[in-house]
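The values are calculated or read from the model by the stated rules, or taken from the named source; none is laboratory data. These numbers were taken from a predicted model, which means no experiment stands behind them. Glycine gets a Cβ as well: all are built from the backbone with ideal geometry, and neighbour counts include every protein chain shown. Heads up: the accessible areas ignore ligands, DNA and RNA and are worked out on the full protein's heavy atoms, side chains in. Shrake-Rupley method; radii C 1.70, N 1.55, O 1.52, S 1.80 Å.
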Amino acid sequence: MRRTGIMGLAAGLFLLLAAGCSSELYRGERVTVELLNGAPDPAGEIQDHKLQVWSFYDPGAYNDIFTASRPGVEVETTLFEHSEAADAYLEAMADGTAPDVMIIDDSMLGSFNTLGALENLNTPQFGEKFIQDRIPENYHSRYRMLGDAKWIALPLELPVAVTFYRYDLFQEAGLPYEPDELGDYLQDPDNWLEAARTLAKKDIYLFQHDCEPADIMGWGNGYVNDRLLFARTGPEYETAIELSREIAEQGLSLNMSMWDKNGQEALRSGRLAMFYLGTWGAGSLEEWAPETKGKWRVTKLPMNIYGSTGGAIALLPGRSNNKELAWEYISGISSAGQPTSWVNRHPMLGGQDFEHVTAEAIANMKTQTSSPFDKAISERWTSFVKDAADSNRPVKDMLLELEQSINAQFAYQRKVILETASDGR
């Protein structure tokens with residue numbers, strides 16, 4: 001089976017697979033683009049080019065930077081809802097109406113990384129030097145085509161998840177409150193639970209939902225390994241789910257989401273004193289709870305987890321008529337590999353310098369693989385952790401059953417994809 005057959009296979013798989021807790025943890029908020037590294041110099045003289053960009057967030061400020069140095073260039077942006085972007089992009093690729101640039105949440109890459117219709121960005125013409133200089137090796141597998149060395153996506157930042165917490169409330173409660181001290185303290189799940197108990201006595205919570213420890217653990221693995229087998233197994237997941245059970249039994253979660261008005265009010269009032277998100281969450285926090293400015297700090301994730309959630313990636317369809325200009329656009333908007341994140345010393349965080357927190361996470365991030373199964377597995381995982389948190393059955397047995405069920409569910413598709421990738425080498 002030849003590589004050219006992958007696009008039809010992947011589109012069919014996506015339609016098949018497309019037909020709580022994890023869904024609450026990310027709602028694509030993006031960084032302020034004018035604070036990124038700016039647009040690169042134009043490659044040459046440009047005459048009357050229109051660059052079509054589809055995105056799940058508005059890059060308008062960057063568009064102004066980009067076109068200011070390129071007379072004759074116009075950027076036309078079409079915006080999609082976060083949840084609708086992947087479907088719209090796949091449909092456009094299938095019917096030949098795809099734009100020059102497509103920007104999506106990186107959790108959706110699995111719907112695209114078996115397609116043969118995206119430009120390879122790891123070439124001298126495009127991103128070979130960018131990738132070599134700015135993307136750490138342990139991130140490479142995320143952005144490649146399955147079973148291939150071709151890069152089909154460019155990260156617009158290196159995704160890193162961290163812990164945001166109310167410095168003042170931890171200090172008042174007699175808990176560790178300096179970022180490095182608290183980060184070390186939370187590596188022990190018993191300490192995480194004890195901090196939650198201490199603050200719950202004051203009607204202050206560290207968890208939005210009971211299942212957050214299990215979901216956060218998942219940020220370090222993705223859903224499948226490089227052989228497309230279910231990856232969320234092992235002792236660390238057993239520990240995380242046991243912790244979720246303790247949270248449920250002891251009533252230690254707020255049972256609200258910070259993505260809705262009640263959860264945001266809890267952030268403002270101090271009832272929610274900790275949340276776990278990508279570093280870009282500082283911008284969302286400023287929008288949701290500006291009156292808490294300066295009261296928050298950032299530390300690493302609990303339980304020795306190095307993971308990521310959210311972020312954005314850019315894809316360049318192979319049918320684009322403006323590929324070089326499209327590459328200039330996406331390489332200019334990307335802050336991946338820049339020495340200082342735009343959120344470092346953010347006013348919401350009291351000017352904290354947490355560069356070492358993100359550097360440690362980047363250095364220790366496990367390799368991850370995206371797959372066309374991710375959306376369907378995500379739905380099953382969400383249901384599973386809720387059920388497991390409420391169950392008295394041995395967690396190890398429940399995880400084994402889930403692993404066997406998911407691997408059986410996608411056995412045929414997995415076989416076809418891996419064989420196709422092997423034949424196409």
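Key figures for this structure:
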quantity: Virtual spin-label span in nm between ARG393 and GLU236, 7 Å along Cα→Cβ; calculated: 2.5
quantity: Label zone at ALA363, where the point sits 7 Å out along the Cα-to-Cβ direction: the stretch 181-195 residues whose backbone N lies under 19 Å; calculated: 181-185, 187
quantity: Pairwise centroid distance, computed over Cα atoms, of the stretch 237-304 with the stretch 378-397, Å; calculated: 21
quantity: Histogram of C-alpha separations across the chain, 10 Å bin width, %; calculated: 4, 22, 31, 26, 14, 4, 0
quantity: In Å², nearest 10: area of MET217 left accessible to a 1.4 Å probe; calculated: 10
quantity: Hydrodynamic radius by Kirkwood, which averages 1/r over all alpha carbon pairs of the stretch 85-224, in angstrom; calculated: 18.6
quantity: Trypsin sites (Lys or Arg not before Pro) restricted to DSSP loop in the stretch 128-231 with at most 15 other C-beta within 10 Å; calculated: LYS201, LYS202, ARG227
quantity: Computed [θ] at 222 nm, deg cm²/dmol, the chain (DSSP H ≥ 4; -39,500 (n - 2.57); rounded to nearest 500); calculated: -12000 deg cm²/dmol
quantity: The stretch 308-333-the stretch 155-174 distance, computed between alpha-carbon centres (Å); calculated: 30
quantity: Top positive-direction residue, dipole computed over the chain with Cβ charges, set TYR177, ILE330, TYR167; calculated: ILE330
quantity: Lys/Arg +1, Asp/Glu -1 at C-beta; the chain dipole; positive extreme among VAL298, THR78, LEU154; calculated: LEU154
quantity: Of LYS150/LYS375; LYS293/LYS375; LYS129/LYS415; LYS202/LYS396, those spanning more than 31 Å from alpha-carbon to alpha-carbon; calculated: LYS293/LYS375; LYS129/LYS415; LYS202/LYS396
quantity: Positive-end residue, the chain charge dipole about Cα centroid, Cβ charges, pick of HIS209, ALA98, MET348; calculated: ALA98
quantity: Paramagnetic reach from ALA411 (point 7 Å along Cα→Cβ, amide N under 15 Å) across the stretch 206-235; calculated: 229-230
quantity: Rg in Å to one decimal, and Dmax rounded to a whole Å, for the stretch 157-271 via C-alpha atoms; calculated: 15.2, 48
quantity: Within the accessible area of the stretch 312-416 (1.4 Å probe), percent carbon and sulfur; calculated: 48
